[in-house]
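What follows is a set of notes on a single structure, which appears directly below.
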Amino acid sequence: MADYTELEIKISHGDSTSYLIELRYNDPDEQEIRPPEGCEAWLDAADLSAHRLDIEGYGQILSQFIFGDPKTRLYFNQALQAAGSKQVRLRLFVDRSAPELHNVRWETLRHPENDRFLAKNENILFSRLLASLNWEQLQLRPKGQLRSLVAVANPLDLETGKYEVDGQALAPVDTAGEIERARAGLAQTLVATLASTPEAPGQVTLNNLIDQLREGCDILYLVCHGALSSRENVGTYLLLENSDGTADLCSGRDFVERLANLPAELRPRLVVLISCQSAGQGEMRASDTQGALAAVGPRLAQAGIPAVLAMQGNVSMTTIEQFVPAFFSRLFEDGQLDQALAAARGVIGDRSDWWMPVLFMRLRAGALWYQPGFSEDTDETERWESLKSTIWEQRCTVIVGPGLNESFLGSQAEIARRWAEKHGYPLSETDIDEMPRIAQYVSINKDTNFLRTAYREAIQFEILRRYPELVDEQMKTDRVWSTKSLEKVLHELTRQVWNPEKPEAYQLLARLRLPIYITANTTDFLSEALREAGLNPQVRLCPWNNLIPEEKFLYEGEEPTPEEPLVYHLFGHISEEDSLVLSEDEFFDYLIGVTLNRKWIPSVVRAAMTNAALLFLGFRMDDWQLRVFFRMIMAQEGKERLEKFKSSHAAAQIVPGEGHIRDMQRARQYLEKFFNQEKISVYWGSSEEFLAELVRDLEGEQ
């Protein structure tokens, strides 16, 4: 059961003078969907500004704005009552129609009944939820592989008093102290630092910062001063460094754009922006109301950064010294950002600037990382032993999903998003990650042949983006590669990129030495890995339509062996474009076709699907390939024999990701429903992690 409920407060523009307030409550453990409640409200910006140094009065104005209407007040109180002993994830969602509200200090919002600050209540996890303009899904990383970059900008000319905010000079930054504090908080990650020294000034330039991020970074911890400009379309400045060590007034817009232009896998998962009184002033002052760094937060989140923790002004040194270790200490316990912020706020609750930290997220689950392994109620030793025994006995069938191709060719969701944008997909934004749905739209607006060409073009795009050095100059000018050219480049990719010293998932898979592998992928990566391991794979395609040549699907040889394994492509291969299953209609036709052409599916493949332990690798629970494969199994004769392997069937590897499966208990229940039996093991982690542990155990016991 979930140990929290969710309460969202959404604010959007009504007419030119009013706002629309909507409250929406949800308990993940309840089947009932509660209707939202809303009202129209007005906010006196001048009155709010007049109370900028009166935090209590400021919060009361906000409380009257949100809860002044009896309907929203009652709904809020009922939501807290319904939550009972559960924590409440209170998320404030400022709609794109009201960007001016991002500068409001929502963390000072007060309870409508007892007048206490909501953000000081550790049973209420307060954060600001933002909708991203970037549609890419976040792929979580395991806790043990997190990397951090600590960057501290301390321009030489700060000492001259040249730069001021509200008439007060910005103080030099205590570089050594900031680095020491950040490294201590981030000690459970691999930490890199970027900072200037007297011998080497000018290190924290924007270009150097981006170059460091390209090396890989999950958490960017940036200490610098910021300022709000009165110039139109400029907004926020970050005081970074020029190469000579002087201050570079880097616009927040440029900073955000450079981070947004990084490939999704290189963008930080969490950006922490700190601007503190490094000269030692202990209490809040007028300039602390600027909130320059916090103004960058919404832009970063909307540009695709999953979470941003920023300060709404120059926080006192004492507050930072207490807040930072408390935040990271709690964060590395369970990876929940809003939980960590609530705990850290509790530590600084008696400080006058306790409200300064603000968390912007586009993560509904609030998770920064995951811990690899089987679900908590699973006996890991028993599961590994059961699975290993089926592999030794060659009674295990691996079903390879699209996730194994993502590190080379990107995800199907990325292809779908590009197609949706390019071809003007007009329906719901929630569909744009669904490749079969977007492919259906493309095929209807164009035709099936166009869809096949677009698929080759999508793979070509990723190769040129990720591995331009593998492509000769002539091919770089070709609009769309031929099938043979594409196969040639993919073969070269495996030869150049794969490293025996650091094996990829496919290389680890080949070391299982199984007689049959079933794959949902359309490339030769699996066969290439088997050949690299000295084996002689036999490749066949599933005959779901009458356009696939017989020599591509007939298997008349002896029983496959580990030395000559059968690689069976369920949904086609790029060498035979008529075999590809891409659109929704093709998936439906596929189910009909495999039923009509069942006799042409090799008996050894049918047996492998119904008389063996099934091991799924590289699938998300909402992948069409996985769902169709389940239906295919359920249509097979002898599926009842799967019961014999229930102690090890199926060790399903689920890719964790925001917007995908977040609850292992529900993921396992989903599988159990499909197989109509218990004892389904769900492993939370990447294919590489799962296979590395499995292969290590197998080879260590030989």
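Coordinate-derived values only; no laboratory data. Just so you know, these numbers come straight off a predicted model, no measurement behind them. Cβ atoms come from the backbone with ideal geometry, glycine included; neighbour counts cover every protein chain shown.
Data for the structure
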item	result
Ala692-Val497 FRET efficiency (beta carbon distance; Förster radius 22 Å; 0.05 resolution)	0.80
Cβ-based exposure ranking for His111, His569, His423, in which fewest neighbours within 10 Å come first	His423, His111, His569
Within the chain, helix-based [θ] at 222 nm, where runs of 4 or more DSSP H residues each add -39,500 (n - 2.57), nearest 500	-11000 deg cm²/dmol
Listed values (i) 1.01; (ii) 1.35; (iii) 1.05, entry calculated as Cα Rg over 2.2 N^0.38 Å	(iii)
Aspartates and glutamates whose Cα lies under 17 Å from that of Lys71, excluding same-chain neighbours fewer than 8 positions away	Glu8, Glu22, Glu37, Glu40, Glu113
At least 24 Å along the helix axis (C-alpha) and Kyte average at least -0.5, DSSP helices within the chain	317-334, 448-466
Flagged links, alpha-carbon separation over 29 Å, of Lys422/Lys502; Lys10/Lys86; Lys422/Lys488; Lys422/Lys552; Lys86/Lys388	Lys422/Lys502; Lys422/Lys552; Lys86/Lys388
Positive-end residue of Thr108, Leu259, Leu514, charge dipole of the chain with Cβ unit charges	Leu514
Proxy reagent accessibility, fewest Cβ within 10 Å first, across Ser85, Ser275	Ser85, Ser275
Dipole magnitude of the chain about its Cα centre (Cβ charges: Lys, Arg +1; Asp, Glu -1), debye to nearest 20	660 debye
Highest to lowest packing among 587-595, 193-201, 297-305, scored as the average C-beta count within 10 Å	297-305, 587-595, 193-201
nm² value of the averaged projected area, convex hull over the Cα atoms of region 4-129	7.5 nm²
Cα-only Debye scattering, region 290-360: base-10 log of I(q)/I(0) at q = 0.18, 0.19 Å⁻¹	-0.68, -0.75
Over region 193-232, volume per residue of the alpha carbon convex hull, in Å³	124 Å³
Spacing of the two label points (7 Å from each Cα toward its C-beta) at Phe630 and Phe588, in nm	2.0 nm
Dipole of region 4-129, positive end: most advanced residue of Ser63, Phe126, Ala83 [Cβ charges, Cα centre]	Phe126
Cα pair distances of region 141-369 binned at 10 Å [whole percent]	8, 36, 40, 15, 1
Highest-first arrangement of 10-20, 340-350, where packing means the average Cβ count within 10 Å	340-350, 10-20
Label-to-label distance, nm, for residues given as Glu563 and Gln64 (7 Å Cα→Cβ offset)	8.7 nm
Sorted by Cβ density within 10 Å, fewest first, the residues Glu241, Glu532, Glu30	Glu30, Glu532, Glu241
